[in-house]
Amino acid sequence: MTTLVFGHKSPDTDSTGSPIIWAWYLNEVKGQAAQPVLLGEPNTEAAFMLAHWGLDKPEIISDLAADTPVVIVDTNNPAELPATINSADIQGIIDHHKLVGGLETKGPIDITIRPLACTATLMIDLMGADAARMPTAIKGAALSCILSDTLEFRSPTTTAHDRAVAEGLAADLGVDIAAYAAQLFEAKSDVSAFSDAQLLRMDSKEYAIAGKEFRVSVLETTAPKLILDRKDSLMAAMQDVAAEDGADQVLLFVVDILNEEATLLVPNDLVKTLAEKSFGATVTGDTVVLPGIMSRKKQIIPVLAL
């Protein structure tokens with residue numbers, strides 16, 4: 001039976017590329033039938049990666065049949081996975097996020113969670129010497145994942161090992177990291193075709209804070225003005241998105257990659273209180289700039305408070 005390999009809903013570059021990388025490894029190295037799939041439409045940066053390296057977009061699925069063999073990558077959070085995930089036959093988890101809990105397996109499995117910036121880095125470590133067998137397109141996907149998740153090494157989640165692996169891949173591929181990262185970020189920054197609701201869900205994760213449910217959305221961009229010019233309509237859309245998704249509030253952080261700061265939209269007193277308690281910020285309008293804030297995983301989620 002074919003093993004499905006997938007990451008989280010609202011797939012970014014790492015959750016698009018890493019299933020492709022690991023499915024290649026299972027198929028070509030381990031001789032195990034595997035298929036990469038997605039749990040949603042890839043974002044613009046991930047779509048650029050697929051086109052640039054000539055990779056097929058994986059099939060998009062929304063549910064799983066009972067006992068389907070699966071490997072979960074780039075998440076271990078049931079809220080980011082199909083509702084039927086615990087009826088599947090989970091065979092492995094490869095991740096770089098904190099352990100959330102709630103997944104149930106049918107037997108002992110391989111779980112690897114390491115404090116690295118990117119799942120692709122971890123996969124290359126797990127492959128060992130077999131990583132050298134990766135074809136050009138798979139190496140390109142891995143490089144893309146690392147540059148995306150580290151924001152070209154600007155993110156505080158970046159480790160020296162992530163950087164070394166990326167530099168090794170770039171050397172093998174003959175790719176100039178700065179030039180390629182600029183192409184990735186340009187693709188990520190082109191959000192003109194997306195509705196406000198789509199933007200609010202594009203790179204979002206669900207978290208509970210002090211008894212309230214939040215959809216924490218991050219948009220990483222080299223052109224923050226294109227998003228902030230839409231702040232009024234984005235804030236107006238937050239109420240409907242929150243209601244449809246069973247949340248109390250949507251938080252939107254617009255991360256300026258080049259200036260290394262985030263702007264949080266502040267539509268109401270709840271978000272104002274959260275911004276002031278979490279970041280020690282003084283909020284006087286409907287946005288607040290948070291210098292140095294780049295990472296949801298390391299700098300946003302751990303400090304959120306009400």
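Below are the figures for this structure:
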item: Quotient of C-alpha Rg and 2.2 N^0.38 Å, computed over segment 196-303; result: 0.96
item: Rounded, prolate or oblate (a/c below 1.5 giving rounded, otherwise prolate when a/b exceeds b/c) for segment 1-71 by Cα gyration tensor; result: oblate
item: Full-stretch length increase - A129, V303 - with 0.36 nm per residue and alpha-carbon distance subtracted; result: 58.7 nm
item: Extension gain, A193 back to N268 (0.36 nm per residue minus Cα-Cα distance, nm); result: 24.3 nm
item: Excluding exposed DSSP-loop GluC sites (Glu not before Pro) (at most 16 other C-beta within 10 Å), longest clean stretch of the chain; result: 105-259
item: Distance (nanometres) between label positions extended 7 Å along Cα→Cβ at R114 and V289; result: 3.8
item: Set of lysines near K205 by C-alpha distance (under 22 Å), chain-local residues within fewer than 8 positions excluded; result: K9, K98, K188, K231, K272, K277, K297, K298
item: Highest-fluctuation residue, V71, V288, V29 considered, GNM on the chain with Cα pairs under 10 Å; result: V29
item: Y207, Y25 arranged by Cβ crowding within 10 Å, fewest neighbours leading; result: Y207, Y25
item: Order of H161, H8 - criterion: other Cβ atoms within 10 Å of each residue's Cβ, fewest first; result: H161, H8
item: Spin-label pair A171/E244, simplified geometry with 7 Å Cα→Cβ offset, distance in nm; result: 4.8
item: Likely footprinting exposure, I72, I301, I146, fewest C-beta neighbours within 10 Å first; result: I301, I72, I146
item: FRET efficiency, 1/(1 + (r/R0)^6) with R0 41 Å, evaluated for A51 and L99 via beta carbons; result: 0.75
item: Of all DSSP beta bridges in the chain, antiparallel share, percent nearest 5; result: 40
item: For the chain, built as a Gaussian network whose Cα springs stay under 10 Å, the top-fluctuating residue of T105, T44, T158; result: T105
item: Model label zone, D89; criterion: amide N under 12 Å from point 7 Å along Cα-to-beta-carbon; scope segment 58-79; result: 66-71
item: Listed residues A79, A51, A197, most fluctuating in the chain (Gaussian network, C-alpha, under 10 Å); result: A51
item: Net lengthening on full extension, D229/E206 (0.36 nm per residue, minus Cα-Cα); result: 5.7 nm
item: The chain, relative contact order in percent, only Cα pairs under 8 angstrom and at least six apart counted; result: 13
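None of the figures in this text is laboratory data; all of them are computed from the coordinates on show. Fair warning: this is a prediction, and the values are worked out from it, not measured in the lab. Here the Cβ is made from the backbone with ideal geometry for all residues, glycine too, and neighbour counts use every protein chain on show.
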